[in-house]
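The values are calculated or read from the model by the stated rules, or taken from the named source; none is laboratory data. Just so we're clear, the structure is a prediction, and the values are computed from it rather than from any experiment. Methodologically, a virtual Cβ is constructed for each residue, glycine included, from the backbone with ideal geometry; neighbour enumeration extends over all protein chains shown.
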Number of protein chains: 2
Amino acid sequence: MHDTRLRRPSLLDRVCTAEHAASLIKDGMTVGMSGFTRAGEAKAVPLAMAERAIRDPFKITLMTGASLGNDIDRRLTEAGVLSRRLPFQVDPVLRRAINDGEVLFIDQHLSETVEMLRSRQLGPIDYAIVEAVAIREDGSIVPTTSVGNSATFAILAEKVIVEINLSQPLALEGLHDIYIPNRRPHRDAVPITACESRPGLPYIPIEPTKIAAIVFTEQSDSPSANEPPDEVTETIASHLIEFLWQEVKLGRLGMNLAPLQAGIGTIANAVMHGLIDSPFRDLRMYSEVLQDSTIALFDAGKLAFASGSSITLGPEMTRRFNANLESYKHRMVLRPQEISNHPEVIRRLGIIGINTALECDIYGNVNSTHVDGTHIMNGIGGSGDFARNAYMAIFVARSTAKGGDISTVVPMVTHVDHNEHDVDIIVTEHGLADLRGLAPRERAMLIIDHCAHPDYRDALRDYAVRAARERGGQTPHLLEEAFSWHLQRRRTGSMRGVNSPSLPGDRNG
Amino acid sequence: MHDTRLRRPSLLDRVCTAEHAASLIKDGMTVGMSGFTRAGEAKAVPLAMAERAIRDPFKITLMTGASLGNDIDRRLTEAGVLSRRLPFQVDPVLRRAINDGEVLFIDQHLSETVEMLRSRQLGPIDYAIVEAVAIREDGSIVPTTSVGNSATFAILAEKVIVEINLSQPLALEGLHDIYIPNRRPHRDAVPITACESRPGLPYIPIEPTKIAAIVFTEQSDSPSANEPPDEVTETIASHLIEFLWQEVKLGRLGMNLAPLQAGIGTIANAVMHGLIDSPFRDLRMYSEVLQDSTIALFDAGKLAFASGSSITLGPEMTRRFNANLESYKHRMVLRPQEISNHPEVIRRLGIIGINTALECDIYGNVNSTHVDGTHIMNGIGGSGDFARNAYMAIFVARSTAKGGDISTVVPMVTHVDHNEHDVDIIVTEHGLADLRGLAPRERAMLIIDHCAHPDYRDALRDYAVRAARERGGQTPHLLEEAFSWHLQRRRTGSMRGVNSPSLPGDRNG
């Protein structure tokens, strides 16, 4: 069996245990690991690193594609391995360590990490640790369920450790398209003019001499953590579909819309699910992560092609995908995240980007990352790559959180990931605000009337009206109470009945 | 003389007065006008519109490239012509009307306006009013000192009014390169792989039947309003040059650096001036506006080529430029602002972007536009197009304003135009903070120690330390006092000795 997975006999002597491979990683090193949205991460070696660190402490800078599965970030955090982590994570234990200042976290646009490595503004990388379905005759690496930053990590690293995962189907071979831009200033256009374009190689080309260790593993990817669509997310999807249908009727979009991107997570996945029952057809995705909704859209005959950087499915869809891999494979491609998220390609293809907001303010600024402006949830991920360069940047959110105690629409967001210049459309279960071509004062009324929960509309309107009257400006605000909603929530547990310092008792319409 | 300027005889009957041309513009119309950084704007017709509106009120939506000279925005505002204005302006009277809510202003990334017009997310445009040095035999238009959005305005508008400006040298012909991307989804790569690339035409191709009126004018562009370099701006330049020199020594940049962009204004212009005495050579610019410093760098033998969307010079440099136009012309090109600011090209070329911050916070978020978060100054302009996609995004600022009463470095900016993900380097006269690869808590210490004015460092450090201790998080903040510096300044006129609610009297180190 191994000769189908490790096809270069001269590399047989690099096969070793995860423990041995982990022992190559020394204190102070910078390590680049595969893994994007819990898919295709190296599994055995990082866990062996965590075990080693408990006996023999050491710290590293860890770069990945995006989030890891199999509790790897948790185990590495608990073992004290991480001094610095970039560019994305979703693990609760690591999150706490970051927010406590114990792990330094650099939250980056997902397209930019390898660009900075290539220009030596970050790095250098000592070891790349990359999951593979196989090593080819020439020593090149076939990735598994994600590409992420694996290719550039492997190309730039001094040494490479490969985990050949026998649980990942060999039929994944051929799914990938590895195109790596040249170093500037000798760079050509990225030759992608359609979701289907395949300018690259179906494997990661590296010199076989760089492969320092090969570990065989069998651990599966963690399944997707998305919750199934519910009434609220279905309503959000229906508002968005109705809006897109209007755009078609206005002649701005065809029945195949434009290439779609959907961020990771329950809401964006539910919105994509909603397209199954839409009138649109011959859809295409140019996205980061292909989720359950991607497979469901294929099976419904709605989706013609899907380009991403990873595949992250729930248990049921994983079975369906693996059972019909050959049939899906010809309609899919996985690319390096630098390419799936490349500003050049996103602008050229004219993508409809759908991402999730943590909160938004009445003027259309979006916070995707920081609770109360201080505590990070996950990271900006690819949302900025897409929103800034999209044909249309859509942000979706539930109108409230914590049983209604938190309004998603606030007077001023406490952290800005996507500013007013980059947000075209906001959708909640209460409706949709089309902000294109509007000045901030106009946006405020739309967002409040269409997106905010009715319980909070009067208070938001009151803020907007008083800010315009008392302070004025292009973007009226009352700085002394801009964060009063967040502060009250911290004090009392709820933003309801938020009280204004200037008009006590007069805010709860 | 006119037959060198108006080369299509069948258009002679369109020649008319500015008053007649202005009479074509009706109430409620959307008008796209030439003009970018006070260069190459239509002059006679808009002023005639303003005069007409005093007698016969009407309102329009006005789109331009960027800012206009010759007080046109002021005159149109005073005459009540503007209901809606985009995507940029710098006029004090218009600014007041915007901040008073009388004119609706849509502050856009300069690369995006025509992209939205082309996809019919904005518009349609009824009339384009475009300044030209000449109309060619086939009816095509040769722009003057700016391209801005003129080409796409003229191509998409129902009708076009051309102002042939006899004061603009005919020798400008050949300076322009008009490349217009196709409508999506049928778009190819923008074929620009170097500052010198010329994939387009040296004129704006339109059907001559669209030309509704031709007006001859003689009014010059307004001169640049930049102030000459002073001790502070020279110190900022010297910090930046020292830093770039370090980058060269580290092997990250060559002696020709990378293509340079510099925003409009005194500080960015002064920084570029500083390069005259630097060790760098064979420099190139891929920028929006070519300023006095561009000509000075050419004359000093430092600059090999300059690409921009406009030329805005002071009186002395205008004379020098016009006297040697043929010699400069072969080393320059003016492009549509969509192309000068195109994310695709900026990322591909690997630009060093230098833009001005109004204020920045201790975590590296930059406010470029809004005083106190409410009152707009000018607009984001192209700074976002460049900063997001640059090889290196640099923001320059004086460390204080208003005689030291305002600190440019604050605990939290009141408006975010460039967030922590997009800001690599901050420079003031006190030093430079290199934020690449750093977590927010690390950035805070660097920005405070290197960039803040010494009078404000203790108070900033105190805020950062207390925020980390009392609240923690990836980005520690005390929401209850995040804007206390701005609020005190509004109350007392100064941020000095800012007082914390939690530690009264303990802030002014």
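Might you let me know whether the range A:25-39 holds any residue that is in contact with a Pro (Cβ under 9 Å, 6 or more places away or on another chain), over 20 Å from A:Leu166 (Cα atoms), among the polar types (S, T, N, Q) and not in a loop (DSSP other than H, G, I, E, B)?
Within the range A:25-39, one or more residues are in contact with a Pro (Cβ under 9 Å, 6 or more places away or on another chain), over 20 Å from A:Leu166 (Cα atoms), among the polar types (S, T, N, Q) and not in a loop (DSSP other than H, G, I, E, B).
Determine, yes or no, whether B:Phe305 is touching a strand residue (DSSP E or B) at 6+ places or on another chain (Cβ under 8 Å) and either buried (at least 24 other Cβ atoms within 10 Å of the Cβ) or more than 27 Å from A:Glu344 (Cβ to Cβ) (or both). Lay out the reasoning, then the answer.
Details: touching a strand residue (DSSP E or B) at 6+ places or on another chain (Cβ under 8 Å): yes; either buried (at least 24 other Cβ atoms within 10 Å of the Cβ) or more than 27 Å from A:Glu344 (Cβ to Cβ) (or both): no.
Considered against the rule, which asks whether it is touching a strand residue (DSSP E or B) at 6+ places or on another chain (Cβ under 8 Å) and either buried (at least 24 other Cβ atoms within 10 Å of the Cβ) or more than 27 Å from A:Glu344 (Cβ to Cβ) (or both), B:Phe305 comes out as no.
Going by the conditions given, is A:Phe88 modelled with pLDDT of 95 or more and over 25 Å from A:Thr217 (Cα atoms)? Even if it seems obvious, please write down each step before you answer.
Working: modelled with pLDDT of 95 or more: yes; over 25 Å from A:Thr217 (Cα atoms): no.
When the stated conditions are applied, A:Phe88 does not pass them.
Can you tell me which residue is farthest from A:Ile141 (Cα to Cα) among those in the range A:27-70 that are charged (D, E, K, R) and touching a residue at least 40 places away in the same chain (Cβ under 8 Å)?
First, pick out the residues of the range A:27-70 that are charged (D, E, K, R): A:27, A:38, A:41, A:43, A:51-52, A:55-56, A:59.
Okay, now just the ones that are also touching a residue at least 40 places away in the same chain (Cβ under 8 Å), so A:38, A:41, A:43.
Numbers: A:Arg38: 20, A:Glu41: 14, A:Lys43: 16 Å.
Per the criteria, the residue is A:Arg38.
From A:Ile362, A:Ile394, which residue is away from chain B (no Cβ under 11 Å) and over 18 Å from the mean Cα position of the chain (by Cα)?
Numbers: A:Ile394 fails: over 18 Å from the mean Cα position of the chain (by Cα).
Matching residue, one of A:Ile362, A:Ile394: A:Ile362.
Out of all the residues in the range B:124-137, is one or more buried (at least 23 other Cβ atoms within 10 Å of the Cβ), closer than 30 Å to A:Thr193 by Cβ and within 14 Å of chain A (Cβ to nearest Cβ)?
So far as the range B:124-137 goes, yes, one or more of its residues are buried (at least 23 other Cβ atoms within 10 Å of the Cβ), closer than 30 Å to A:Thr193 by Cβ and within 14 Å of chain A (Cβ to nearest Cβ).
Keeping to the range A:255-268, report how many residues are within 17 Å of B:Arg118 (Cα to Cα) and more than 9 Å from chain B (Cβ to nearest Cβ).
At the first step, the residues of the range A:255-268 found to be within 17 Å of B:Arg118 (Cα to Cα) are A:257-258.
Checking the rest, the ones that are also more than 9 Å from chain B (Cβ to nearest Cβ) come to A:257.
Counting residues in the range A:255-268 that are within 17 Å of B:Arg118 (Cα to Cα) and more than 9 Å from chain B (Cβ to nearest Cβ) gives 1.
Any chance you could count how many residues in the range B:188-214 are closer than 18 Å to B:Ile155 by Cβ, within 14 Å of chain A (Cβ to nearest Cβ) and surrounded by fewer than 16 Cβ atoms within 10 Å (Cβ to Cβ)? Can you show your working first?
So the first thing to find is which residues in the range B:188-214 are closer than 18 Å to B:Ile155 by Cβ, and the list is B:188, B:190, B:199-214.
After this cut, where a residue has to be within 14 Å of chain A (Cβ to nearest Cβ) as well, the list is B:188, B:190, B:199.
Now drop any that are not surrounded by fewer than 16 Cβ atoms within 10 Å (Cβ to Cβ), which leaves B:188, B:199.
Residues flagged as closer than 18 Å to B:Ile155 by Cβ, within 14 Å of chain A (Cβ to nearest Cβ) and surrounded by fewer than 16 Cβ atoms within 10 Å (Cβ to Cβ) within the range B:188-214 amount to 2.
Can you tell which of A:Ile72, A:Ile54, A:Ile60, A:Ile25 is of a type in the set (A, V, I, L, M, F, W, C) and closer than 24 Å to B:Arg443 by Cβ?
Values: A:Ile72 fails: closer than 24 Å to B:Arg443 by Cβ; A:Ile54 fails: closer than 24 Å to B:Arg443 by Cβ; A:Ile25 fails: closer than 24 Å to B:Arg443 by Cβ.
Only one candidate qualifies: A:Ile60.
Return the only residue of B:Ile155, B:Ile135, B:Ile125, B:Ile164 being over 20 Å from B:Arg38 (Cα atoms) and touching a Lys or Arg at 6+ places or on another chain (Cβ under 7 Å). So that I can check it myself, show each step before the final result.
Values: B:Ile155 fails: touching a Lys or Arg at 6+ places or on another chain (Cβ under 7 Å); B:Ile125 fails: touching a Lys or Arg at 6+ places or on another chain (Cβ under 7 Å); B:Ile164 fails: over 20 Å from B:Arg38 (Cα atoms).
So the residue among B:Ile155, B:Ile135, B:Ile125, B:Ile164 that is over 20 Å from B:Arg38 (Cα atoms) and touching a Lys or Arg at 6+ places or on another chain (Cβ under 7 Å) is B:Ile135.
Only residues in the range A:466-495 that are more than 7 Å from chain B (Cβ to nearest Cβ) count as the first member; pair them with residues that are among the basic types (Lys, Arg) and in a loop (DSSP other than H, G, I, E, B), Cβ under 7 angstrom, at least 6 apart or cross-chain, and list the lot.
Within 7 Å, the pairs are A:Leu478/A:Arg471.
Any residue at all in the range B:371-378 that is acidic (Asp, Glu), more than 30 Å from B:Pro199 (Cβ to Cβ) and within 11 Å of another protein chain (Cβ to nearest Cβ)?
Within the range B:371-378, the subset acidic (Asp, Glu) is B:372.
From the residues that got through so far, the ones that are more than 30 Å from B:Pro199 (Cβ to Cβ) too are B:372.
Add one more test, that the residue is within 11 Å of another protein chain (Cβ to nearest Cβ), and what stays is B:372.
Checked the range B:371-378: at least one residue is acidic (Asp, Glu), more than 30 Å from B:Pro199 (Cβ to Cβ) and within 11 Å of another protein chain (Cβ to nearest Cβ).
Restricting attention to the range A:138-174, and to residues there that are over 23 Å from A:Met317 (Cα atoms) and of a type in the set (S, T, N, Q), which single residue is surrounded by the fewest Cβ atoms within 10 Å (Cβ to Cβ)?
A:Ser140
For residues that are crowded, with 24+ Cβ neighbours inside 10 Å and touching a residue at least 60 places away in the same chain (Cβ under 8 Å), scanning just the range A:87-99, find the one that is farthest from A:Ser150 (Cα to Cα). First the steps, then the outcome.
Within the range A:87-99, the subset crowded, with 24+ Cβ neighbours inside 10 Å is A:87-89, A:94, A:98.
Now narrow it down to the ones that are touching a residue at least 60 places away in the same chain (Cβ under 8 Å): A:87-89, A:98.
On the way: A:Pro87: 13, A:Phe88: 14, A:Gln89: 16, A:Ile98: 24 Å.
The selected residue is A:Ile98.
In the list A:Tyr328, A:Tyr286, which residue meets the criterion of being buried (at least 22 other Cβ atoms within 10 Å of the Cβ), in contact with a helix residue (DSSP H, G or I) (Cβ under 8 Å, 6 or more places away or on another chain), aromatic (Phe, Trp, Tyr) and closer than 23 Å to A:Glu41 by Cα? Quick ask: steps written out before the conclusion?
Values: A:Tyr328 fails: buried (at least 22 other Cβ atoms within 10 Å of the Cβ).
When all the criteria are applied, what remains is A:Tyr286.
Being assigned to a loop (DSSP other than H, G, I, E, B) and under 21 Å from the mean Cα position of the chain (by Cα) narrows it down to one of A:Leu110, A:Leu62, so name that one.
On the way: A:Leu62 fails: assigned to a loop (DSSP other than H, G, I, E, B).
Result: A:Leu110 is the single residue among A:Leu110, A:Leu62 that is assigned to a loop (DSSP other than H, G, I, E, B) and under 21 Å from the mean Cα position of the chain (by Cα).
When A:Ile354 is evaluated against the numbered criteria (1) more than 21 Å from B:Gln474 (Cα to Cα); (2) within 11 Å of another protein chain (Cβ to nearest Cβ), which criterion, by number, is the only one it fails?
Every listed condition holds for A:Ile354 apart from (2).
With the condition kept exactly as written, say whether any residue in the range A:420-434 is surrounded by fewer than 24 Cβ atoms within 10 Å (Cβ to Cβ), of a type outside the set (Asp, Glu) and at the interface with chain B (Cβ under 8 Å from one of its Cβ atoms).
Within the range A:420-434, one or more residues are surrounded by fewer than 24 Cβ atoms within 10 Å (Cβ to Cβ), of a type outside the set (Asp, Glu) and at the interface with chain B (Cβ under 8 Å from one of its Cβ atoms).
For (1) within 11 Å of chain B (Cβ to nearest Cβ); (2) buried (at least 24 other Cβ atoms within 10 Å of the Cβ); (3) among the charged types (D, E, K, R), each residue gets a yes or a no:
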{"residue": "A:Val410", "(1), (2), (3)": "no, yes, no"}
{"residue": "A:His415", "(1), (2), (3)": "yes, yes, no"}
{"residue": "A:Pro440", "(1), (2), (3)": "yes, yes, no"}
{"residue": "A:Asp449", "(1), (2), (3)": "no, no, yes"}
{"residue": "A:Pro454", "(1), (2), (3)": "no, no, no"}
{"residue": "A:Asp458", "(1), (2), (3)": "no, no, yes"}
{"residue": "A:Asp462", "(1), (2), (3)": "no, no, yes"}
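For the range B:160-187, give me the residue count where each residue is polar (S, T, N, Q) and within 14 Å of chain A (Cβ to nearest Cβ). Before you say what the answer is, go through the steps one by one.
Going residue by residue through the range B:160-187, those that are polar (S, T, N, Q) are B:165, B:167-168, B:182.
Then drop every residue that is not within 14 Å of chain A (Cβ to nearest Cβ), which leaves B:182.
Of the residues in the range B:160-187, 1 are polar (S, T, N, Q) and within 14 Å of chain A (Cβ to nearest Cβ).
Taking the options A:Glu51, A:Glu115, A:Glu102, name whichever one is among the acidic types (Asp, Glu), touching a Phe, Trp or Tyr at 6+ places or on another chain (Cβ under 9 Å), surrounded by fewer than 24 Cβ atoms within 10 Å (Cβ to Cβ) and not in a strand (DSSP E or B). Can you show your working first?
On the way: A:Glu51 fails: touching a Phe, Trp or Tyr at 6+ places or on another chain (Cβ under 9 Å); A:Glu102 fails: touching a Phe, Trp or Tyr at 6+ places or on another chain (Cβ under 9 Å).
Among A:Glu51, A:Glu115, A:Glu102, only A:Glu115 is among the acidic types (Asp, Glu), touching a Phe, Trp or Tyr at 6+ places or on another chain (Cβ under 9 Å), surrounded by fewer than 24 Cβ atoms within 10 Å (Cβ to Cβ) and not in a strand (DSSP E or B).
Take the range A:118-162 and flag every residue that is among the hydroxyl-bearing types (Ser, Thr, Tyr) and farther than 22 Å from A:Phe88 by Cβ.
Passing the criteria: only A:Ser140.
For the range B:51-103, which positions are away from chain A (no Cβ under 11 Å), out of contact with any helix residue (DSSP H, G or I) (no Cβ under 9 Å at 6 or more places or on another chain) and small (Gly, Ala, Ser)?
B:Gly69
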